[in-house]
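A quick write-up on the structure given underneath.
The values are calculated or read from the model by the stated rules, or taken from the named source; none is laboratory data. Treat the numbers as computed from the prediction; the structure is a model and nothing was measured. Neighbour counts are summed over all protein chains in view; Cβ atoms, including those assigned to glycine, are modelled from backbone coordinates with ideal geometry. Accessible surface is based on the protein model in full, side chains and every heavy atom, while ligands, DNA and RNA are left aside. Shrake-Rupley method; radii C 1.70, N 1.55, O 1.52, S 1.80 Å.
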Amino acid sequence: MTDPVFEEVDPASDCDCPGCVHWRRLSPRLSPGRLGGHPAARGVVVLAAASAVLGAVHPAAALAPGHSPHREAVPGDGEPATPQGAKAPLHGPAGKPVDPTTAPLPTTTRTEIINRAKIWVAAQVPYSMTSYWSDGYRQDCSGYVSMAWGLPNNEWTGSLDSFGVKIKKEELQPGDMLLYHNPDNPESGSHVVLFGGWTDHTHTYYTVYEQTPPHARRQTTPYPYWSHADKYVPYRYKGVTAGTAGSEAAGDKTVTAYPGVAYFGPGADNKYVTRLGEMLIARGAGSFYAQGAGPVWGEADRRATQAFQQAQGWTGADADGLPGPRTWDLLVTGKGKDIAPGAAGPGRPGSHGVPGYPGRNFFRPGAHNDHVTRLGVQLVKKGFGRFYALGPGPHWGEADRRAVEAFQRAQGWRGGAADGYPGPETWRRLFA
């Protein structure tokens, strides 16, 4: 092992700092140089030796030669003083909100907004009004929107509107926000969510991205929200630039030209399948898709395509469930006839003549689809919402079953007729 390298400092013996005064009082006959002089210098020797042996002390951790810990910096003496505060979040409560009328806003695209929103959902960031996530944003609903929009500070429901412009429902696009600010009770009575795209052609349900107890989530939600339906106001971020909408519900609107029959059918996995499914859902095929449109071709795509083709009056090979140029053109341009409500393709679970009833398979343990959400919303409207702790959602659970059972018992049914699973008659009465 090589000998440690250090610089021995011999300060003036008349130093009047508390350290030197202390050592002169204890050892008046010792000269400062015999024991390394100034106490701080002896610290340099010890730290240097320890660093050489252990290799664990960063050079910045050692004291600067000749500088005692209590010594105050003076102008021009080395690096400028940089007082440090206590450990705090990146965008902590001490920061002042940016005035959007004077400060330039960061620009972003809709794709970037939705992608940032998805990060918190994937991480299941816990809800908190006082904690801050690793990216520096407060873990509540307004902090979530501030993060997704890329704002320079954490805003709150009382200030977010100054960063956006009011829009109409029909103008909503992924990345816009729906804001409810209650000045009488801003903490408990206010909320803000991100719009992720429509999930049905009637524009009564949409994909929501929100930060709410217990953690960030994405789910199908009735427009404009579960409660206070007349209070939510749509806003568009002032700094949003042109770009892809960026959500599953909105899809890639740039896909317009018919790609060819090879992109559809068993084994296909591409963006054109996703675009097809989204266009079909917008034309009334939402009930065919249990989990929304996706890039992998499946039976739902074939049945939905066939239902659209049959809605045009086509039969035989013209209604085989595979989109040709004519089918694609009608979907892209919005022309032709929509799929009639309650329509079912061949082989699809029968509706027993009840409009909108998708079939029993959509309401079983493990089910995840928009029909479960729609069912729950209607149960809440009928007065059976007490079973839902966090409101209805697309995941079938015990709360859904108990709510259905309570509704069935309210009809006077018992035994197997009140098992908590909606059949066609339960559905008919519930939506009557």
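Couple of notes before you dig in:
- One residue stands out in the stretch 235-253 among those that are assigned to a strand (DSSP E or B) and under 18 Å from the mean Cα position of the chain (by Cα): the one that is modelled with the lowest pLDDT, namely VAL240.
- Positions within the stretch 364-390 being among the polar types (S, T, N, Q), touching a Pro at 6+ places or on another chain (Cβ under 8 Å) and either under 13 Å from PRO222 (Cβ atoms) or assigned to a helix (DSSP H, G or I) (or both), in sequence order: THR373
- Looking across THR241, THR220, THR204, one residue alone is in contact with a helix residue (DSSP H, G or I) (Cβ under 7 Å, 6 or more places away or on another chain) and among the hydroxyl-bearing types (Ser, Thr, Tyr). It is THR220.
- Residue satisfying all of: in the stretch 267-308; modelled with pLDDT of 85 or more and assigned to a loop (DSSP other than H, G, I, E, B); surrounded by the fewest Cβ atoms within 10 Å (Cβ to Cβ) among these: PRO295
- Which numbered condition TRP149 fails, given (1) under 30 Å from LEU379 (Cβ atoms); (2) surrounded by 15 or more Cβ atoms within 10 Å (Cβ to Cβ); (3) not basic (Lys, Arg): (1)
- In the set (1) part of a loop (DSSP other than H, G, I, E, B); (2) within 30 Å of PRO214 (Cβ to Cβ); (3) open to solvent by less than 60 Å² (accessible area, probe 1.4 Å); (4) not small (Gly, Ala, Ser), the condition left unmet by ARG401 is number (1).
- Here is the figure for the stretch 163-175: residues that are in contact with a helix residue (DSSP H, G or I) (Cβ under 9 Å, 6 or more places away or on another chain) and surrounded by fewer than 24 Cβ atoms within 10 Å (Cβ to Cβ) total 3.
- Test: residue in the stretch 341-361 that is at negative phi, at pLDDT 85 or above and surrounded by fewer than 20 Cβ atoms within 10 Å (Cβ to Cβ): no
- Pair list, Cβ < 6 Å and 6+ apart or interchain, from the stretch 362-379 residues that are charged (D, E, K, R) to residues that are in a strand (DSSP E or B): ASP370/THR220
- Failed condition for GLY385, given (1) modelled with pLDDT under 90; (2) within 26 Å of the chain's Cα centre (by Cα); (3) open to solvent by less than 50 Å² (accessible area, probe 1.4 Å): (1)
- If you go through the stretch 309-336 and keep only what is open to solvent by 20 Å² or more (accessible area, probe 1.4 Å), in a helix (DSSP H, G or I) and over 16 Å from TYR258 (Cα atoms), you end up with GLN310, ALA311, GLY316, ALA317, ASP318.
- A single entry from GLY196, GLY158, GLY143 fulfils the requirement of being assigned to a loop (DSSP other than H, G, I, E, B) and among the small types (Gly, Ala, Ser): GLY158.
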